[in-house]
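The values are calculated or read from the model by the stated rules, or taken from the named source; none is laboratory data. Just so it is clear, the model here is predicted, and its values are computed rather than measured. Here Cβ is always computed from backbone atoms with ideal geometry, including for glycine, and neighbour counts include all displayed protein chains. Just the protein is used for accessible areas: all its heavy atoms, side chains included, with ligands, DNA and RNA removed. Shrake-Rupley method; radii C 1.70, N 1.55, O 1.52, S 1.80 Å.
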Amino acid sequence: MTTTRTAHTTWEGNLVEGTGTVALDSSEIGQYPVSWPSRAEQPNGKTSPEELIAAAHSSCYSMALSNGLSQAGTPPTKLNTRAEVTFTPGEGITGIHLTVQADVPGVDEDAFRKAAEDAKANCPVSQALAGTTISLTASLAS
């Protein structure tokens, strides 16, 4: 089944002094303020395109890793994934770093690392962001 999700942003003013609101239309779960300072400086209670990309990437990666581990017969008990999207004004998004800590009963380190790398390469958000360097730190919970 093909799905389409939508969001929209209303922006007022110029880039540096203007402000906007991004609305998550498909889910209807909220509207969030956005501004240039929240993107290039400190968030101060506002979001940014990079934070929204980080949310999309961390959730997509977690789903892909969970699926890969489950298909291999070692479903995870818990995955905690963090995505850090680096933005440099004038250059754009310069990299994404994924960090996952996983509780996966019965998996050995090699199988886990293979599944983690496969999820990084093949989750749909990673594929959509293929023009960006994506790095990964993956570890099993002790």
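Worth pointing out:
- From the list Ala102, Ala138, the one residue that fits, being under 15 Å from Ser70 (Cα atoms) and assigned to a strand (DSSP E or B), is Ala102.
- Residue count for segment 21-58, restricted to those that are of a type in the set (Gly, Ala, Ser) and touching a residue at least 60 places away in the same chain (Cβ under 8 Å): 1
- The condition (being open to solvent by less than 40 Å² (accessible area, probe 1.4 Å), in contact with a Phe, Trp or Tyr (Cβ under 8 Å, 6 or more places away or on another chain), within 23 Å of Thr4 (Cβ to Cβ) and in contact (Cβ under 8 Å) with a residue 12 or more places away in the chain) is satisfied by just one residue among Val100, Val125: Val125.
- Any hit, segment 39-58, residues being open to solvent by 70 Å² or more (accessible area, probe 1.4 Å) and at positive phi: yes
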